[in-house]
Amino acid sequence: EPEVTQTPSHQVTQMGQEVILRCVPISNHLYFYWYRQILGQKVEFLVSFYNNEISEKSEIFDDQFSVERPDGSNFTLKIRSTKLEDSAMYFCASTLYRDTRPLGRGEKLFFGSGTQLSVL
Amino acid sequence: GQQVMQIPQYQHVQEGEDFTTYCNSSTTLSNIQWYKQRPGGHPVFLIQLVKSGEVKKQKRLTFQFGEAKKNSSLHITATQTTDVGTYFCAGNYGGSQGNLIFGKGTKLSVKP
């Protein structure tokens, strides 16, 4: 089965440093997402991305965060100046399409294996 | 904001016992999805429920969506050690389907 791949699997950084988390979504998918999960907590939505622009973002996704699709395969999440509270597992996800019918039938998310970010 | 409450937070069962986790939303959901996360792993999609009162089965797993589309449950019959993991419900309130609101999850441990 096709997979979403994420690199690196672990990233350790100093507070205030910039980090870039990388993802390669499933090749024919069109919608891309970043979620994060603080240890032992629930999965939280950060941002969705379609057609080279942000579709939606949560309150967590402030000015320190940015996303980019620099080429046809990669999807990146950049944190400009990391804070201690940014320490979490960051999951990339993708879907082929989203249903726009009024019924609101969604499409399942394919998650990558995550990048564990530790900010010291 | 929109919240999905999930209980219990933890469940320890003996192998062969049944297990149920419940999710509740204060507002009507467009659809609800269920994911399983193995220890150290990533969420893996199990199922999606869309219709009011919908019931779906996958082998020993039974998923229900309430009539008011505000609550959902996952029931596992005769648990096995392979069922170990955290089960998350994730609600979609319409609009962007990717903006799923996850419950806190129920961590299931199964004693052989």
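Computed from the coordinates by the stated procedures, all read-outs in this text should not be read as laboratory data. All values derive from a computational prediction rather than experimental measurement. Neighbour counts are summed over all protein chains in view; Cβ atoms, including those assigned to glycine, are modelled from backbone coordinates with ideal geometry.
Structure summary
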{"read-out": "Cross-link pairs A:108/B:111; A:42/B:56; A:108/B:57; A:108/B:36; B:36/B:104; B:36/B:56 - those with Cα-Cα distance over 19 Å", "value": "A:108/B:111; A:42/B:56"}
{"read-out": "Likely footprinting exposure, A:89, A:15, fewest C-beta neighbours within 10 Å first", "value": "A:15, A:89"}
{"read-out": "About the Cα centre, charge dipole magnitude for chain A (Lys/Arg +1, Asp/Glu -1 at Cβ), debye", "value": "180 debye"}
{"read-out": "Relative contact order, percent, the stretch B:1-105 [alpha-carbon distance under 8 Å, six or more residues apart]", "value": "34 percent"}
{"read-out": "Radius, Kirkwood style, for chain A when every pair of distinct Cα atoms is counted (Å)", "value": "14.6 Å"}
{"read-out": "Farthest positive-ward along the protein assembly as shown dipole, Cα basis, beta-carbon charges - from B:102, B:75, A:8", "value": "B:75"}
{"read-out": "³J(HN,Hα) computed for each position of the stretch B:68-76 - Karplus, 6.51 cos²θ - 1.76 cosθ + 1.60, integer Hz, glycine/proline x", "value": "8, 6, 10, 9, 8, 9, 10, 10, 10"}
{"read-out": "Euclidean distance of C-alpha centroids, the stretch B:4-62 and the stretch A:1-57, integer Å", "value": "23 Å"}
{"read-out": "Sorted peptide list for B:44-56, B:7-19, A:24-36, criterion being average Cβ within 10 angstrom, highest first", "value": "A:24-36, B:44-56, B:7-19"}
{"read-out": "Neighbour-count ranking [beta-carbon atoms within 10 angstrom, fewest first] of A:20, B:101", "value": "A:20, B:101"}
{"read-out": "Size of electric dipole in the stretch B:5-112: Cβ of Lys, Arg +1 and of Asp, Glu -1, about Cα centre, debye, nearest 20", "value": "160 debye"}
